Amino acid sequence: MSDAWVVIDLGFGDAGKGAVTDWLVRSRDVPLVVRHHGGAQAGHNVVTPDGRHHTFSQFCAGTFAGAEGLLGPQFLLHPGAMEVEAAHLAPRIGGDPFARTWVAGVARVITPYQQAAGRLWELLRGEGAHGTCGVGVGACVGDALSYPGEVVRAEDLADRARVRAILVAQRERHHEALRAAGAEDLGVFRDDDVLERTLASWARIAPRLRLVDDGEARALVARAPRVVFEGAQGVLLDEVWGFHPHTTWSDCTAGAADALLGGRPATRLGVVRSYATRHGPGPFPTEGARDVHEPHNDDHGWQGRFRVGALDGVLLRYAVEVVGGVDGLVVTHLDQRERGPVVDAYAGGHRTLDKGSPDDLEHRAALGRWLRGVTPVVQVDGVVPFVERAVGCPVVLRGYGPRAIDYR
């Protein structure tokens, strides 16, 4: 074990990364937690030993335990939602969460027009919906790639004139594209109150952000005697290695963490539930009856239905391969299912997937289509020994509930 840990979700998300981060901070006295990718769409649930609960979206899951947070250069900020979350979190920690959080100045900012556009494009897809959290992450990243001059970054929020010009340009461009595509309910793009409320909100938030440049962010990591990198979403949704088009616009591997670590050794912890889960559309070979208690996920909202199935060793091996291996495994939710249905192969003897080359997105799209038609070979086994055999890596931490004191 090193003095740095990278927490990686080996599924489709919702594996318990928040609880694992909280446990590491408490048990290893970690002073800094880094959210190195993802953004406001990634909610991590933490329940304290005394029962306080919070879903951390734009603050780090080590906040309850006293760690400072760093939102890294690849993080996507949603300032309005951050303000709301801070108001909810402040009385639970007895202080201002902004004062405990560093923000990379180059972190991209999701605008209301990107959020609206992302939702409307998803509605236009109809039965071919890709899956979305409805926060605007995809539109934000897409704009940054195609229109780099129209990107709002955290360091821009105090520059009202610059931000106004970018928002107006975004508003007109997204409105025209959606109108041409036949989208309805485009009022947000014509309502000047949306623009003014956004500018006012960002002006309130800008002075509260503790901004750092890239060098200062790396220095924070280098100075921290112990540090946890809190991954977002899951590797099976990764922008490169996920099964297109049902993916996220985020690198869910350890890539952004490695960039900030600068060669510092880190222990990679792969997190997996004792059963498989997935929110919304996309291939899910082992989906079955929902027979587990789920207090923090439901079928409502833009993410869509919360789906449950048997633990899938084929997809687990694929996830470990595409992240370049892990040093230890964490199995969570063992209080729900310590022994149960697991799948080590699909009919025909398929135990592994060909990941293809990084730039071959069509290969992963074809994999996704193929996964919809496979027949899992289901067996009953103890979850922990099954996971260790499937991956060839030890389980170093077991979660039997949502709190740090429920981990062994």
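Taking each residue of segment 215-238 that is of a type in the set (Asp, Glu) and looking for partners that are assigned to a strand (DSSP E or B) with beta-carbon atoms closer than 6 Å, six or more apart or interchain, yields Glu230/Val7; Glu230/Val33; Glu230/Arg35.
The rows are residues; the columns are (1) in contact with a Lys or Arg (Cβ under 6 Å, 6 or more places away or on another chain); (2) over 16 Å from Gly13 (Cα atoms); (3) among the acidic types (Asp, Glu).
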site: Leu237; (1), (2), (3): no, no, no
site: Val240; (1), (2), (3): no, no, no
site: Ser250; (1), (2), (3): no, no, no
site: Ala257; (1), (2), (3): no, yes, no
site: Ala266; (1), (2), (3): no, yes, no
site: Leu269; (1), (2), (3): no, no, no
site: Tyr275; (1), (2), (3): yes, no, no
site: Glu294; (1), (2), (3): no, no, yes
site: Asn297; (1), (2), (3): no, no, no
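Of the strands (runs of 3 or more DSSP E) lying entirely inside segment 305-408, those containing at least 3 residues that are surrounded by fewer than 16 Cβ atoms within 10 Å (Cβ to Cβ) span 376-382. The set of residues from segment 185-206 being of a type outside the set (Val, Ile, Thr), touching a residue at least 24 places away in the same chain (Cβ under 8 Å) and farther than 14 Å from Gly80 by Cα comprises Asp185, Leu186, Phe189.
Residues checked against (1) at positive phi; (2) of a type outside the set (Ser, Thr, Tyr):
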| position | (1), (2) |
| --- | --- |
| His53 | no, yes |
| Leu70 | no, yes |
| Gln74 | no, yes |
| Arg100 | no, yes |
| Gln115 | no, yes |
| Gly126 | yes, yes |
| Val141 | no, yes |
| Ser146 | no, no |
| Gly149 | no, yes |
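In the set Glu155, Glu172, only one residue is part of a helix (DSSP H, G or I), of a type in the set (Asp, Glu), within 25 Å of Glu83 (Cα to Cα) and at pLDDT 95 or above; that residue is Glu155. A single member of Leu199, Leu186 is surrounded by 14 or more Cβ atoms within 10 Å (Cβ to Cβ), farther than 30 Å from Arg305 by Cα and not assigned by TED's automatic domain parsing to the domain that holds His37, and it is Leu199. Hey, can you tell me all the residues within segment 216-232 that are in a helix (DSSP H, G or I) and touching a Leu at 6+ places or on another chain (Cβ under 7 Å)? Answer for segment 216-232, where residues must be in a helix (DSSP H, G or I) and touching a Leu at 6+ places or on another chain (Cβ under 7 Å): Ala217, Arg218, Leu220, Val221.
The values are calculated or read from the model by the stated rules, or taken from the named source; none is laboratory data. Not measured: the values here are computed from a predicted model. Neighbour counts are summed over all protein chains in view; Cβ atoms, including those assigned to glycine, are modelled from backbone coordinates with ideal geometry.
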